[in-house]
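The values are calculated or read from the model by the stated rules, or taken from the named source; none is laboratory data. Computed from a predicted structure; not experimentally measured. Cβ placement follows ideal geometry from the backbone for every residue including glycine, while neighbour counts extend to all protein chains displayed.
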Amino acid sequence: MTEKIIKSVDRVKDIGEVFTPQKTVDFMLDQPEIKEKVNSLTATFLEPSAGEGAFLVEILRRKMEYAKSQSKTNDELQKNFLLVLSTLYGIELMQDNVEMLVMNMNNTFRDVYFTSIDHADQNNKILKSAQTIISANMAQGDALTRKTATGEPIIFSEWKPIGKNKVQRTEYTFDSIVEGGGPLGSVQHQYEQLDLFTDDESEEQDVQHYLPVKWEDVYKRLVE
Ligand SMILES: C[S@@+](CC[C@H](N)C(=O)[O-])C[C@H]1O[C@@H](n2cnc3c(N)ncnc32)[C@H](O)[C@@H]1O
């Protein structure tokens, strides 16, 4: 099947919209320095012009395969699937692209999940928590102004593992992440690993704290 890499000439002119073919995605993700980060449960990626997810979807698929190789039990695998999902972030300007991005991330997670987990339940907590993580991590907005279409700051969540089975979600504005002096501001390449969230307490002004919960309970969005 032929891959569609442009939607219209006007969109190419206006927003530089050209989607990356799978072959190129594979070639880039096979580069040793990127492969090393993909084969990690915790290394984070931010795609600031995510389109429909050409890169993020393939990174998710590969990270989930890696999670399978690192997990001994079904429970550990389900937790690790959510952990690797939580490391992937995207920003995309166009609403129709974000909708496709979110759908593609959800479908990829579901596909790998259902082919990997015995007796998986269609409506289970893992899938609901995956949806929560995807909608938090895939932002519609302008990566340059760091704002959404309505002028609100773009917000991202840090998903910090607590002990073996829990996670603490903390929200930060994208502005505070960039201005916080972390390596994000100096990143030359969009697929470089980003330590998005530093331990700098000065970022606390924009923070909302969620209660630490088990990974499978992330969908409950319990706040302090
Ligand atoms: C060249 S395409 C690449 C899309 C995707 N990364 C891929 O490889 O298929 C660039 C994407 O960036 C989006 N875009 C353009 N300006 C943007 C901005 N200021 N902030 C966020 N996204 C932007 C476009 O809508 C388009 O989807």
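Is it the case that LYS160 is basic (Lys, Arg) and in contact with a helix residue (DSSP H, G or I) (Cβ under 8 Å, 6 or more places away or on another chain)? When the stated conditions are applied, LYS160 does not pass them. Among (1) in a loop (DSSP other than H, G, I, E, B); (2) more than 16 Å from the ligand (Cβ to nearest atom); (3) surrounded by 14 or more Cβ atoms within 10 Å (Cβ to Cβ), there is one condition LYS72 misses while meeting the rest; what is its number? Failed condition: (3). From the list LEU29, LEU83, LEU60, the one residue that fits, being of a type in the set (A, V, I, L, M), away from the ligand (no atom under 11 Å from the Cβ), modelled with pLDDT of 95 or more and within 20 Å of LYS164 (Cα to Cα), is LEU83. Determine, yes or no, whether GLN95 is loosely packed, with under 14 Cβ neighbours inside 10 Å, modelled with pLDDT of 95 or more, within 15 Å of the ligand (Cβ to nearest atom) and within 18 Å of GLU47 (Cβ to Cβ). Spelling it out, GLN95 is indeed loosely packed, with under 14 Cβ neighbours inside 10 Å, modelled with pLDDT of 95 or more, within 15 Å of the ligand (Cβ to nearest atom) and within 18 Å of GLU47 (Cβ to Cβ).
For LYS37, the test of being within 15 Å of the ligand (Cβ to nearest atom) and of a type in the set (Lys, Arg) is failed. Restricted to the range 82-179, the set of strands (runs of 3 or more DSSP E) holding at least 3 residues that are under 27 Å from ASN39 (Cβ atoms) comprises 88-92, 155-162, 166-173. LEU144 passes every criterion in (1) surrounded by 14 or more Cβ atoms within 10 Å (Cβ to Cβ); (2) farther than 20 Å from PRO212 by Cβ apart from (1).
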